[in-house]
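Here is the structure we will look at, set down as structure tokens.
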Amino acid sequence: YQNNNSAQAFSNVHILDDVDTLDLRGDYMEYEGNSRLVKVRGNVIFKDDSTDLYTENLDYNRDTEIGYYFDGGKLVDSTNVLTSVRGYYNSITKKAQFIDSVVLVSPDFYMETDTLDYFTIEKQAISNGRTYALTAEKDTLRSTRGMLYKQLEKYSEIYRGTIITKDYVIQGDTLIANDSLQYYQGMQNVSLESFEDSLKIYGN
């Protein structure tokens with residue numbers, strides 16, 4: 001439509017741009033040329049480097065290079081799968097933000113939370129608020145303030161939380177779980193209970 005610089009496309013839509021590395025597919029598209037906003041609906045696939053985003057409804061701003069989905073989406077990279085009700089993906093920073101019913105699944109880690117930032121290059125996730133996680137060793141991690149998870153290093157930081165293993169329960173303001181070294185650390189208001197030794201330790 002020349003009068004308002006917009007366009008519509010129907011069936012097997014594919015938007016490909018080498019300049020901003022845009023590779024976007026769907027069943028239907030509306031493009032607003034003045035605002036440079038692309039709206040894609042139905043079987044949407046958004047590809048960026050080694051990251052693929054799947055959803056039914058995606059709005060993409062070609063100026064900011066940020067895509068937004070609002071009724072369920074799934075991001076898949078080389079190691080992790082993340083799902084949520086709403087989410088954003090920034091093609092410049094390679095950072096994604098997930099909102100509402102967030103689930104992260106990796107080969108050695110599982111996480112549930114309501115808000116999560118994910119850095120696709122570093123494979124690093126930062127949750128905010130109540131978080132539940134489970135490691136490959138069946139350790140349970142719980143937090144009321146949030147959690148940092150570095151997938152490549154198998155490293156976690158738990159804020160105002162608890163680590164439950166088959167041998168111990170550890171609580172504290174900040175807890176560190178380094179699964180690659182089998183090393184745990186607690187800082188401030190720490191308590192540790194050893195089941196085998198019937199022992200409890202408290203300290204900072």
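The values are calculated or read from the model by the stated rules, or taken from the named source; none is laboratory data. All values derive from a computational prediction rather than experimental measurement. Note that we place each Cβ from the backbone using ideal geometry, even for glycine, and neighbour counts take in every protein chain shown. Side chains are part of the model used for accessible areas, which takes the heavy atoms of the whole protein and leaves out ligands, DNA and RNA. Shrake-Rupley method; radii C 1.70, N 1.55, O 1.52, S 1.80 Å.
Here are some residues: S143, S194. Which one is modelled with pLDDT of 95 or more and under 28 Å from F98 (Cβ atoms)?
On the way: S194 fails: under 28 Å from F98 (Cβ atoms).
Criteria check complete, one pass: S143.
Given the criterion out of contact with any strand residue (DSSP E or B) (no Cβ under 8 Å at 6 or more places or on another chain) and among the aliphatic types (A, V, I, L, M), identify the matching residue among I121, I170, I126.
Values: I170 fails: out of contact with any strand residue (DSSP E or B) (no Cβ under 8 Å at 6 or more places or on another chain); I126 fails: out of contact with any strand residue (DSSP E or B) (no Cβ under 8 Å at 6 or more places or on another chain).
Just one listed residue meets the conditions, I121.
Taking segment 101-112 on its own, how many of its residues are crowded, with 17+ Cβ neighbours inside 10 Å and not hydroxyl-bearing (S, T, Y)?
4
Look at segment 13-23 and say how many of its residues are over 24 Å from the mean Cα position of the chain (by Cα), closer than 30 Å to E122 by Cβ and open to solvent by less than 60 Å² (accessible area, probe 1.4 Å).
Number of matching residues: 2.
Report, by residue number, each residue of segment 41-74 that is on the phi > 0 side of the Ramachandran plot and at pLDDT below 95.
Within segment 41-74, D49, E65 meet the criteria.
Need the failing condition index for T83 against (1) in contact with a Lys or Arg (Cβ under 6 Å, 6 or more places away or on another chain); (2) in contact (Cβ under 8 Å) with a residue 24 or more places away in the chain; (3) under 23 Å from K150 (Cα atoms), just the number.
The failed condition is (2).
Go through segment 24-92 and tell me which strands (runs of 3 or more DSSP E), entirely inside it, have 1 or more residues that are touching a Gly at 6+ places or on another chain (Cβ under 6 Å) and surrounded by fewer than 16 Cβ atoms within 10 Å (Cβ to Cβ).
Output list reads 37-48.
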